[in-house]
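Working notes, structure below.
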Amino acid sequence: MLMIGLFVFIVGTIFGSFFNVVIYRLPRKESITTQRSHCPHCQAPIKALDLIPLVSFVLLKGRCRNCHSKISLRYPLVELLSGISYLLMYLQFKLTIPFFIGIALASILIIITMIDLDTMEINDRFQVAIFVLAIIYIFTQDVNIMDHLIGFFIISVPFYIIALVSNGLGGGDIKLIAMAGLLLGYRATFVAFLIAAVVGGVYAIYLLKQGKSQKQAIAFGPYLCLGIFFAYLYGNQLLDWYLSLFI
Ligand SMILES: [Zn+2]
């Protein structure tokens with residue numbers, strides 16, 4: 001099991017380095033498959049040897065082999081994040097269908113988060129991808145379809161109403177929690193929202209105390225992604241724990 005866990009982690013970091021390509025090129029409308037990776041400073045193509053996830057970054061001490069300009073820390077961070085999230089999915093689900101849906105979900109959430117941080121937008125193709133995962137989940141797992149249909153509406157409808165009266169929430173956030181809600185079922189969707197609200201709220205208070213503009217705090221997508229990720233992994237346990245606080 002330790003060996004499989006390590007293998008899953010490494011596979012996660014390899015996928016993570018591919019996500020870096022997607023995160024960088026998709027908003028710039030560059031091709032994801034045809035072009036070789038190159039240094040954004042000197043345009044030198046990156047050698048295969050220097051594309052080993054995490055390891056290359058450490059060996060190169062975070063600098064381009066050709067021009068020695070600094071490589072952003074976000075590249076190894078995305079690889080590490082991918083490796084860890086794949087590993088957590090394996091530890092929770094072993095090699096079952098929910099594991100494969102889980103790593104696909106984690107991958108999408110990581111890409112959404114990074115692109116949302118860069119551009120404040122969530123591309124619709126990722127919403128469609130989560131919808132497809134939800135359909136696969138519902139039809140392969142022994143679930144109550146009603147729970148998942150309610151999950152689609154339970155947070156997205158209040159979000160939609162909030163969006164109508166204020167400008168605080170984007171359409172991307174609403175679609176994201178609707179699609180994720182269909183996948184998670186309404187209980188875990190509620191957990192996802194709670195995590196997003198608490199973590200996002202704490203960070204917003206922190207930013208306000210720092211005297212930063214409120215605008216940064218409004219990007220809710222990354223918090224939703226965080227919430228959805230942990231709700232998928234531990235939703236029911238977290239809900240039991242949360243409810244036990246009130247009894
Ligand atoms: Zn360079």
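Every number in this text was worked out from the coordinates using simple rules, so none of it is lab data. All of these numbers come straight from a predicted model, not from anything done at the bench. Note: ideal-geometry Cβ built from the backbone for every residue, glycine included; neighbour counts use all protein chains shown.
Here are the numbers for the structure shown:
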| read-out | value |
| --- | --- |
| Gain in span if fully extended, residue 59 to residue 77, counting 0.36 nm per residue against the direct Cα distance | 4.9 nm |
| Fluctuation leader among 87, 49, 164 - the chain, Gaussian network, Cα springs under 10 angstrom | 49 |
| Separation in nanometres of the label points that stand 7 Å from Cα toward Cβ, at residue 241 and residue 37 | 3.4 |
| Estimated inter-spin distance, residue 125 and residue 1, nm [label 7 Å along Cα→Cβ] | 3.8 |
| Modelled FRET efficiency - R0 22 Å, residue 25 with residue 47, Cβ distances, 0.05 increments | 0.70 |
| Choice from 184, 26, 149 showing the highest fluctuation, given a GNM over the chain with Cα pairs closer than 10 Å | 26 |
| Dipole in debye (nearest 20) - the chain, about Cα centre, beta carbon charges: Lys, Arg +1; Asp, Glu -1 | 940 |
| Rounded to 10°, Cα long-axis angle of helix 186-209 versus longest principal axis of the chain | 60 |
| Lysine pairs within the chain, Cα separation less than 23 Å, 8 or more sequence positions apart or different chains | 5 |
